[in-house]
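Please treat every number below as a calculation from the coordinates, not as lab data. Please read these numbers as outputs of a predicted model, since none were measured by experiment. Quick reminder, even Gly has a Cβ in these numbers, built from the backbone with ideal geometry, and neighbours come from all protein chains shown.
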Amino acid sequence: STEPQRLRWPVHVEVRLKSRSTSRFETIRTHVQAWITSFDRINLSSSLDGWEDVPELAASVERIVTSESACPSQSLSVDEMALQIHVYQPCESDAFEEFSNSTNEDDDETMAATVRELPNRSWEGLWDSLIYEDNIKLKLLDYIHATLVFSDAEVDFNLVSWNRVVLLHGPPGTGKTSLCRALAQKLSIRLSQRYSHARLLEINSHSLFSKWFSESGKLVQRLFSSISELADEEDAFLVVLIDEVESLTAARASAMAGTEPSDGLRVVNALLTQLDKLKHRKNVLVMSTSNLVKAIDSAFVDRADIVQYVDLPPREAVYEILRTSLCEIINRGIVSSTNVPSLQEALIYERTAPAHSSTMISNGSDAHEKSKLLGLRLLTLATQCKAQKMSGRALRRLPVLALARYIGAGSIISSDNTEIKGRTKVNGSTGS
Ligand code: ADP
């Protein structure tokens, strides 16, 4: 036909069901589709409201969000979207299976790996809480998508090949492990139509390699035979997370140093061989993290399709981390309610504000003025944190340290816009 092709943006809609819901996912999907297409436009990257008015949805649904989209605009009309609706019901239990690496009963047991069902309730919100520049999160999602397209098309592995291995490296506390878990969770939601189950298997590299090398070779074999058993279930998507993969190198290094020559090498080789076998499994993805990429065995790095550096957060990301932490303690009633400006708003205030205004103390009641000062103060704080090279982990614990200081100083009301409420409880007693 001569009809011009209209460009449609893929829009992912994630529908989370209540834990008690027994509705069929397919039924819910149909209702959500009908409900969304009844609108003219919808906002991207936001929580959607109004589904409570549809009885079938009100009974089963907990939340509907449109998640990250490559589309640059804020909203789209319904006929510009290629809707992809993902219905999921997170697993409530945080319980996991363990693989112990001891071969005989008297051995002190160290866990070699844990397995969790996905999507898991405990990791809801993790993806959104991680803040990076350069769209790292979307890049990783797109990569997985690309491998799926290739797998589906049954591309000849001799001509185009990939290993299904991702390596994230960078300073400690930059969210690498969390990102792997969040990505696994995201994938389990995105792929729920394709796979009826998803699991995350986390390998504890230390316990796998730090013990006796002569045992480790066997442990790797056993672990991977369990992995391939899990992967045999073609209906289940499996993410394997190898944390702190540089401990592998410790094995190789000690082999070089001549302490346990053949054993150390055998362990590394066993692992690499097993990884190679996994690349033929459509339903498996291997993610690994490292704090010291230079220390990783180059044979491993070579196998990674994506080697992504995860840096300490830049000032803008620091602001967002501080802002989301502050909003959380406001929502929980620990700090009195104040409007915390978005990064964009704060940057505008900064551009238009006279120098040093952020250190001024506001005693005015003007809510806008208060919020503006708060934004400027947070920006100043973000600059200081950045200069101190603080990691995401260090930033996330700042509120606790700040509250501890307030309690220690015995003050309830600060001189500026953030007031600690008297009902804060510390150790069961009312905070001073
Ligand atoms: P790593 O594996 O790099 O050592 P973790 O995944 O253990 O880091 O991160 C610890 C915690 O630090 C995370 O759960 C998260 O709360 C916080 N964090 C780290 N980096 C970021 C970030 N870029 N954005 C938001 N939070 C972060």
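Using θ = phi - 60° in the Karplus curve 6.51 cos²θ - 1.76 cosθ + 1.60, the 3J(HN,Hα) couplings for the stretch 113-129 round to 6, 10, 10, 10, 7, 10, x, 10, 4, 6, 9, 5, x, 5, 4, 5, 6 Hz; x is entered for Gly and Pro. The simple spin-label model puts a point 7 Å past each Cα toward its Cβ; for residue 194 and residue 389 those points are separated by 4.0 nm. Derived scalar couplings between HN and Hα for the stretch 189-199 equal 6, 5, 9, 5, 6, 8, 10, 7, 9, 9, 9 Hz in order, rounded to whole Hz, by the Karplus curve 6.51 cos²θ - 1.76 cosθ + 1.60 (θ = phi - 60°), x for Gly and Pro. If I take R0 = 22 Å and measure r between the Cβ atoms of residue 332 and residue 63 in this structure, what FRET efficiency does the formula 1/(1 + (r/R0)^6) give, to the nearest 0.05? According to the calculation, E is roughly 0.70.
Taking the inverse of the mean 1/r over every pair of distinct Cα atoms in the stretch 32-84 gives a Kirkwood hydrodynamic radius of 11.8 Å. Taking amide H positions as modeled 1.01 Å from N, with prolines and chain starts lacking one, the residues under 5 Å from residue 44 and 5 or more places away or on another chain are 75, 76.
Placing a label point 7 Å from the Cα of residue 146 along the Cα-to-Cβ line, the residues of the stretch 162-177 whose backbone N sits under 14 Å from it are 162-167. Taking amide H as placed 1.01 Å from N in the peptide plane, the amide H of residue 11 sits under 5 Å from that of 82, 83, 84, each at least 5 places away or on another chain. Pairs from the table (139/186; 186/282; 176/294; 218/277; 186/277; 18/186) lying more than 20 angstrom apart at Cα are 186/277.
First measure r as the distance between the Cβ atoms of residue 159 and residue 339, then evaluate 1/(1 + (r/R0)^6) with R0 = 41 Å and state the FRET efficiency to the nearest 0.05.
Details: r = 57 Å, r/R0 = 1.38.
Computed FRET efficiency for residue 159 and residue 339: 0.15.
Near residue 237, the amide H atoms lying under 5 Å from its own belong to 197, 198, 199; only residues 5 or more places off or on other chains count, and H is placed 1.01 Å from N.
Applying 1/(1 + (r/R0)^6) with R0 = 45 Å to the Cβ-Cβ distance of residue 24 and residue 409 gives a FRET efficiency near 0.20. In terms of packing, defined here as the mean over residues of other Cβ atoms within 10 angstrom, the peptides 56-66, 191-201 line up highest first as 191-201, 56-66. If the chain linking residue 295 and residue 276 were pulled fully straight, counting 0.36 nm for each residue of separation and taking away their Cα-Cα distance, it would gain 4.7 nm. Spin-label model, residue 228/residue 80: points 7 Å from Cα along the beta carbon direction are separated by 5.0 nm. Sequentially through the stretch 322-334, phi angles give Karplus couplings (6.51, -1.76, 1.60; θ = phi - 60°) of 5, 4, 5, 5, 4, 4, 5, 6, 5, 4, 8, x, 7 Hz, Gly and Pro residues having no value and appearing as x.
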